[in-house]
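Written out below as structure tokens is the structure these notes cover.
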Amino acid sequence: MRLRPLVTWVTTFALLTATPVIPAHADDPAPSSETSAQPTPPEEKLEDGLALDRGPVRAIVELTDPAQREPIAAKAAEESVDVVLRSRTQPFMVVEGTAEELAALAEDPRVSSVHRDRAYPPAEVSNLQLIGADQAHAQGFKGSGQAVAVLDTGIDLDHPSFGGRVVEEACFSAVEDGVTSLCPNGQTSMIGPGAANAVTDRCLAGGVNLCEHGTHVAGIAAGAEGVAPEAKIVAIQVFSRVDDENVCGEPSCLLAYESSLRLAMEHVAELSTPVAAVNLSLGGMLFDTSCDTSEEGQVFKPLVDALLARNIATVVAAGNEYYDGVSFPACVSSAVAVGANDGNDAIADFSNRGELVDLFAPGVDIESSVPDNQKAVHSGTSMASPHVAGALALLKAKSPDTPMTELIAKLTSTGRPYAYRANDKDVVTPRLDVLAALGGASPQPTVSQTPAPAPTGGDPAPDPAPDPTDGSGPTPEPDPVDDTPDPTPTPTSTPVPLPTVTVTVTITPTPTAASTPPPVCTRGKTAKRLTAKQWAMEIHRSSGTIPDATLTCYLKLAQKGSKVFPELTKASSLGSAYRVLKASKTARQRLDAALLAGWLTWAHGTNGTARLASAEKVRLSAKAKAASLKKAASALGT
């Protein structure tokens, strides 16, 4: 399972570095037809680390031609590979097979690549006056005639906030071992009335509704007290339920698979209902530059562009990692990436920021609808992005024939500028001002942001990437079975608050009028380096000073940055993380411990991931020898 942390569809939601493009010069010899026709070697078609999996893996097989779906599916069936999904129009299918079976598929020239079907968590969860929406409503701008598509955890269809304005419903919910569909019909897809219902037994766990997120997001965009109170709603369930603490870090959680997101975006593009924007409040791996050329970006950008060609914007939460960049898929250049600000016109301390963020919008202590006809207060970029989706519905309702690219430009050109530093650069990012956009007004005066305490202790200049095959010794050793029992972490005697103040968690108790908003899971600001041994002490029982809730949050953040955890090595729960940090019998275990300690240190507030990325490249190689694994662990200095 690819836990990426869209996404979170945060999507989690992560992803790969792109091969640099070398410009051609006039005096360069033209490539021969023989050279250009060379097929891609089968091993290069497989995603890094895929050959290391020892059991069946859910993977997406990308095809060179959509017409080859049936022949390739037939071939896969002959080789006992389970074909679990075939797209009607897109050139891919989803299979479950072992590393050997997937490698055999990659040998077919009709297959362009094979990679995991990634899964993304939701981005963690008056504002209308701040962005001028209340005055826009008073002037008659309410979004009538347009719709907002919410690709999320479904919605409470009968909630009074929606007033019967849900006009389209669909569900695309992937399944595999330990993963359950959230479609009311129990299948992997459903289209029509009731398909996106978030008040079903499948959404309940111990009396808690796991599907609350989508109702809250829809209420912000187009609820009765939202930004576009007369806009229609297209509700699409794209998440699946996971009941595995080793994956979730808690008994149950929701994840959106890449294949589900792709089908949902294609479905929106085919609707006759006029849709202004698609909202994705989920996120995956972090990027500080455009991800258009990454493996994931090359899949998602055409989908975003296809919607944009139909005058539909894709609005995505930037992420809550307190990072100078954004999470996937907000890193796709043609998407609208949205960060969060508070009611005082300050960037929320948890929000991602920087040149990739297109707009800021309110995302702190936002009250909106939740299932069972109630309301709750949540915070996060998940709450910021639907403000922008709703604003685009207002603009498109006023000017239905104006290209969406121009409407987006109106929002960014009229927003109130926030001036700040990110990645050692001066950056100016507009904060949403929908009233100014509707009236063509000039932006309000610039707000200089007081810099938050910057994490320190970043990587020194990275060493050259280690050669996975460097050194002597056998190719990767089998990991011995570790019978060490799981520790039972207990809460610290004096609870310490998380480093920042706000956003929703995966499982949220049924809200009450007096309920306190749950804290945002975001990076800390301590910026203190700890070794694997020190992190193990923090996790084990009550011997550390960092509370269990914060440690669990750090493990979730590590999943967003890493390609090793939890896909190759389980480290989602405190117990499994403790075992990884303590294991030292093999070179691979020692590297895993060093990697996990490095990611936890990053989550604790220390900048720099270059050495981690270099070491993970070694760990993901099927050809890595003991010496290269040892060298990579030593380079991390943990």
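The values are calculated or read from the model by the stated rules, or taken from the named source; none is laboratory data. Since the structure is predicted, the reported quantities are computational estimates derived from the model, not experimental observations. No Cβ is skipped: glycine too gets one built from the backbone with ideal geometry, and neighbour counts run over all protein chains shown. Calculation scope for accessible area: heavy atoms of the full protein, side chains included, ligands and nucleic acids excluded. Shrake-Rupley method; radii C 1.70, N 1.55, O 1.52, S 1.80 Å.
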Out of THR545, THR569, sole residue that is within 25 Å of LEU282 (Cβ to Cβ) and either open to solvent by 10 Å² or more (accessible area, probe 1.4 Å) or modelled with pLDDT under 90 (or both): THR569
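Looking only at residues in the stretch 548-566 that are among the small types (Gly, Ala, Ser) and open to solvent by less than 20 Å² (accessible area, probe 1.4 Å), which one is farthest from THR606 (Cα to Cα)?
SER562
Residue-by-condition table, conditions (1) buried (at least 24 other Cβ atoms within 10 Å of the Cβ); (2) at pLDDT 95 or above; (3) not assigned by the TED database to the domain that holds SER161:
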site	(1), (2), (3)
THR215	yes, yes, no
ALA218	yes, yes, no
ALA221	yes, yes, no
GLY226	yes, yes, no
VAL238	yes, yes, no
GLU245	no, no, no
SER252	no, no, no
THR273	no, yes, no
Only one of LEU254, LEU271, LEU263 that is touching a Phe, Trp or Tyr at 6+ places or on another chain (Cβ under 6 Å) and more than 27 Å from THR552 (Cα to Cα): LEU263
Total residues in the stretch 371-427, condition part of a loop (DSSP other than H, G, I, E, B), open to solvent by less than 50 Å² (accessible area, probe 1.4 Å) and more than 28 Å from ASN311 (Cα to Cα): 2
Of all residues making up the stretch 159-213, the number that are outside any loop (DSSP other than H, G, I, E, B) and open to solvent by 60 Å² or more (accessible area, probe 1.4 Å): 5
ASP349 outside any strand (DSSP E or B), open to solvent by 10 Å² or more (accessible area, probe 1.4 Å) and in contact with a strand residue (DSSP E or B) (Cβ under 7 Å, 6 or more places away or on another chain): no
